[in-house]
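Below is one structure, written out as structure tokens; comments come after it.
The values are calculated or read from the model by the stated rules, or taken from the named source; none is laboratory data. Remember, predicted model here, so these are calculated numbers, not experimental data. Neighbour counts run over all protein chains shown; Cβ positions are idealised from the backbone, glycine included. Heads up: the accessible areas ignore ligands, DNA and RNA and are worked out on the full protein's heavy atoms, side chains in. Shrake-Rupley method; radii C 1.70, N 1.55, O 1.52, S 1.80 Å.
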Amino acid sequence: MLRQLIGQVEELWELCGPHSLDRDERCCILDFGNSTMEHDFCNFVEGKSGPLKIVETNKSPPTKKCRREKSRQKGDIMEQQIWKDLPEDLVEAVVARLPVATIFRFRLVCSRWNSLITSASFSQQYAEVPRAHPWFYTTTTYENVNVRAMYDPSMKKWYHSSIPSLPSWMTFFPVASAGGLICFMDLSHRNFYVCNPLNCSFKELPSIQVKAHLNMAVGMILNGKTADSGYKIMWLDDNGNYQVYDSMQNSWSCSGNLPPSIKLPLYLNFRSQTVSIGSMLYFMCVDPGGVLCYDVATCTWRQFLIPYPEHVTNHMLAASGDQVLLVGLLSKNAATCIGVWELQKMTLLWKEVDRMPNVWCLDFYGKHVKMTCLGNRKLLMLSLVTSGRSRRLSTPRVVTYNISKREWQRLPDCKISRGRKRLLLTCGTAFDPFPSALA
């Protein structure tokens, strides 16, 4: 019944569209049908245009009834009576299971449904629905301008993202995420920002007052199931300096020092993003190889010295459920491929579980390969660039790896709107899309 109800919501949108809005209401419709990066979630605000299609509701576009609609007029009347008396909690349960793109279309049906998306009860319903895949937020530079893009794995589409509070001429890096919110850091490594790229909820965090190392690892974790219960952001550098930001207190604090058993400097792998599982944050160490853990709930540290597999480079941490994984380039002689390892909890050793298909790895033979992980949670996004003897960089290739299904897929090119230029994605993070989460 729930599947049928979800199907009827999508069919209702196709039949009715935005024509049931109040006459004096004005809103923007996201053009999800276009395959180029013309979609802009942050302009989904009343009165803003940008690259979105503006629909004046007092000028209803001509509608054309299809045969199916004509043949089911009596049935439609009966369905309208059912929809009229549909309980609010059931509507929320159905909408919470729709794809994110469909939810934004759902908002345009009427004012009541638009306000429903921002309600606390809907946020609770949405948080309880398991999501198959995260989205990916990436950044790159094109003609001295920072370009930001989001990728939806379920629809296999790229969307352009513009955050008005983050000017395009300034450089910000997405470094962590939790509960639909993304944490950005600027080049000074002193200023942090939190934003929901779907609704443009934005917050500038207090600047770090202590002198931090130029390289630092950043992690983010929720206090509860949603961002409404608050979140914590932590940074850590090689010298063992660290601070934790509490959104409920809106301040940075340090709960103590690293235990004497952890030797300094830490030699963190700053190319590897932090992994969060439950209340634990996992940081990757290079020398000696291993994992450094911090429990946000108890403010305790633990370090595990775990040797990495032989011949592995560009290795980074990943997570799926409660499992910590390692992904990296496995090179021997002139052959290179991508390998995936699981951390065995009993032996604390890395066990290889999968490799990229040999047919794909043939493209890497005899070449220097550089891999960047743009998302390391449930679904991995990997950007691969190769260079031969001429040291000329090849066109970047972006692939995803489904950890649970152990499936590899090539992604469609990320291009400039209405252009043919493919972008070289340099930085990114995975995030769980949450339309109503507030920073």
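When you look at Gly50, is it at pLDDT below 80, within 30 Å of Thr426 (Cα to Cα), open to solvent by less than 70 Å² (accessible area, probe 1.4 Å) and of a type in the set (Gly, Ala, Ser), yes or no?
Working: at pLDDT below 80: yes; within 30 Å of Thr426 (Cα to Cα): yes; open to solvent by less than 70 Å² (accessible area, probe 1.4 Å): yes; of a type in the set (Gly, Ala, Ser): yes.
It is true that Gly50 is at pLDDT below 80, within 30 Å of Thr426 (Cα to Cα), open to solvent by less than 70 Å² (accessible area, probe 1.4 Å) and of a type in the set (Gly, Ala, Ser).
Got a sec? Which of Gly230, Gly224 is open to solvent by 20 Å² or more (accessible area, probe 1.4 Å) and out of contact with any His (no Cβ under 6 Å at 6 or more places or on another chain)? Full working, then the answer.
Values: Gly230 fails: open to solvent by 20 Å² or more (accessible area, probe 1.4 Å).
Residue meeting the stated conditions: Gly224.
Matching residues to (1) over 26 Å from Gln344 (Cα atoms); (2) touching a Cys at 6+ places or on another chain (Cβ under 6 Å); (3) among the small types (Gly, Ala, Ser):
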position: Cys195; (1), (2), (3): yes, no, no
position: Val218; (1), (2), (3): no, no, no
position: Gly224; (1), (2), (3): yes, no, yes
position: Asp228; (1), (2), (3): yes, no, no
position: Phe270; (1), (2), (3): no, no, no
position: Val286; (1), (2), (3): no, no, no
(request) Quick one: which strands (runs of 3 or more DSSP E) lie wholly within the stretch 157-235 and hold at least 1 residues that are touching a residue at least 12 places away in the same chain (Cβ under 8 Å) and closer than 18 Å to Leu281 by Cβ? (result) 172-178, 181-186, 192-196, 216-222
(request) Working only within the stretch 236-246, note down all residues that are in a strand (DSSP E or B) and open to solvent by 50 Å² or more (accessible area, probe 1.4 Å). (result) none
(message) Can you find, within the stretch 303-347, the residue that is least open to solvent (accessible area, probe 1.4 Å) among those that are of a type in the set (Asp, Glu) and part of a loop (DSSP other than H, G, I, E, B)?
(response) Asp322
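When you scan the stretch 248-276, how many residues do you find that are open to solvent by less than 20 Å² (accessible area, probe 1.4 Å) and under 27 Å from Glu204 (Cβ atoms)? Before the answer, list the steps.
Restricting attention to the stretch 248-276, the residues satisfying the condition of being open to solvent by less than 20 Å² (accessible area, probe 1.4 Å) are 262, 266, 268, 272, 275.
Within this subset, residues satisfying the condition of being under 27 Å from Glu204 (Cβ atoms) are 268, 272, 275.
Looking only at that region, the number is 3.
For (1) modelled with pLDDT of 85 or more; (2) part of a loop (DSSP other than H, G, I, E, B); (3) more than 30 Å from Lys225 (Cβ to Cβ), each residue gets a yes or a no:
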| site | (1), (2), (3) |
| --- | --- |
| Trp360 | yes, no, yes |
| Met381 | yes, no, no |
| Val398 | yes, no, yes |
| Gly419 | no, yes, yes |
| Leu438 | yes, yes, no |
(request) Mind listing whichever residues of the stretch 124-134 are under 30 Å from Thr171 (Cα atoms) and open to solvent by less than 10 Å² (accessible area, probe 1.4 Å)? (result) Pro134
(message) Yes or no: the stretch 136-149 includes at least one residue that is at pLDDT below 90, surrounded by fewer than 23 Cβ atoms within 10 Å (Cβ to Cβ), of a type outside the set (Asp, Glu) and not in a strand (DSSP E or B).
(response) yes
(message) Every residue in the stretch 198-210 that is out of contact with any helix residue (DSSP H, G or I) (no Cβ under 6 Å at 6 or more places or on another chain) and open to solvent by less than 10 Å² (accessible area, probe 1.4 Å), please.
(response) Leu205, Ile208
(request) Please enumerate the residues belonging to the stretch 277-300 that are in contact (Cβ under 8 Å) with a residue 24 or more places away in the chain and surrounded by fewer than 16 Cβ atoms within 10 Å (Cβ to Cβ). (result) Gly278, Ser279, Cys299
